[in-house]
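Trainee: Below is the structure I would like to discuss, written out as structure tokens.
The values are calculated or read from the model by the stated rules, or taken from the named source; none is laboratory data. This one's a predicted model, so the numbers in the text were calculated from it and none came from an experiment. Cβ coordinates were reconstructed from backbone atoms using ideal geometry, including for glycine residues, and neighbour counts include every protein chain displayed.
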Amino acid sequence: MGIFSRFTDIVNSNINAILDKAEDPEKMVRLIIQEMEDTLVEVRSTSAKTIAEKKELSRRVDRLNAQENEWQTKAELALSKDREDLARAALVEKKKATETATVAENELNHVEEHISKLQTEVTTLQEKLADAKARQKAIVLRQRSAESRLEVKRTLDSSKVDDALSRFDRFETKIDGLESQIEAYDLGKKSLSDEIAQLQQEDKVDDELAALKKKMSGKSEK
């Protein structure tokens, strides 16, 4: 089973629980990243153990190959001494060492293949983890922006804003009434400037009247 199929099994239950509770995307992203990081740590630990197993198998294969060569040398020595029985027994031991070495080599090949797949999957997981972290900030910012806009929309669509504006209208009407009362108190009252201006107007009228009398008097004398 690959990392990602197992990783999917790990996070599916958690993500489904979050979706059922309608949790926000920010928490989902944090959870996914955490699960990916935990999986990466676990797989690296497994890789380290597998690499240690590979080294042990390599040493075992080397020992078996050495034993195989050693029994071959012993068989040749026994045969050179006309001890065919000993040579035959040595070849039997050589055959055992060869067969055991073949099994160990097959195991070693399997372990090496497994390590290669692990390395590929770890590299892919690291890339996906880096991508997830890079996108996490953008997702969080988008979520918070959307939440803020939604709150503004809800506020504008609520009756609270209309009620506040209606209160402003009532306040303005009340202030208009107060200002009207102030103006009513001033009706009929003249300021100093108004009284002086009135005197100036009266003087003009008196001057015009005197001039008119003088004119009329001149006509009468003629």
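Trainee: State all residues of segment 1-49 that are outside any helix (DSSP H, G or I) and either under 17 Å from His114 (Cβ atoms) or modelled with pLDDT of 80 or more (or both); if no residue qualifies, say none.
Mentor: If the condition is that a residue be outside any helix (DSSP H, G or I) and either under 17 Å from His114 (Cβ atoms) or modelled with pLDDT of 80 or more (or both), then Met1, Gly2 are the ones that fit.
Trainee: Mind checking which residues of segment 120-135 are of a type in the set (Val, Ile, Thr) and either under 21 Å from the mean Cα position of the chain (by Cα) or within 10 Å of Leu40 (Cβ to Cβ) (or both)?
Mentor: Result: Val122, Thr124.
Trainee: For residues that are of a type in the set (Lys, Arg) and in a helix (DSSP H, G or I), scanning just segment 179-222, find the one that is modelled with the lowest pLDDT. Walk me through how you get there before you give the answer.
Mentor: Our first condition is that a residue be of a type in the set (Lys, Arg); within segment 179-222, this holds for 189-190, 204, 213-215, 219, 222.
If we keep only those that are in a helix (DSSP H, G or I) as well, we get 204, 213-215, 219.
Values: Lys204: 78, Lys213: 76, Lys214: 78, Lys215: 77, Lys219: 67.
In this case the residue turns out to be Lys219.
Trainee: How about segment 36-55: which of its residues are within 22 Å of Glu99 (Cα to Cα) and either surrounded by 13 or more Cβ atoms within 10 Å (Cβ to Cβ) or not assigned by TED's automatic domain parsing to the domain that holds Gln136 (or both)?
Mentor: Glu53, Lys54
Trainee: What about Glu68, is it in the same structural domain as Arg30 (by TED's automatic domain parsing) and in contact with a Lys or Arg (Cβ under 8 Å, 6 or more places away or on another chain)?
Mentor: Values: in the same structural domain as Arg30 (by TED's automatic domain parsing): yes; in contact with a Lys or Arg (Cβ under 8 Å, 6 or more places away or on another chain): yes.
So Glu68 passes the test.
Trainee: Kindly list, by first and then second residue, each pair from a residue in segment 110-131 that is over 16 Å from Glu53 (Cα atoms) to a residue that is outside any helix (DSSP H, G or I), limited to pairs with Cβ atoms under 8 Å and residues at least 6 apart or on different chains.
Mentor: Every condition considered, the pairs that remain are Glu121/Gly2.
Trainee: Any residue that is over 30 Å from Asp62 (Cα atoms) and either surrounded by 15 or more Cβ atoms within 10 Å (Cβ to Cβ) or over 47 Å from the mean Cα position of the chain (by Cα) (or both) - is there at least one of those in segment 79-102?
Mentor: yes
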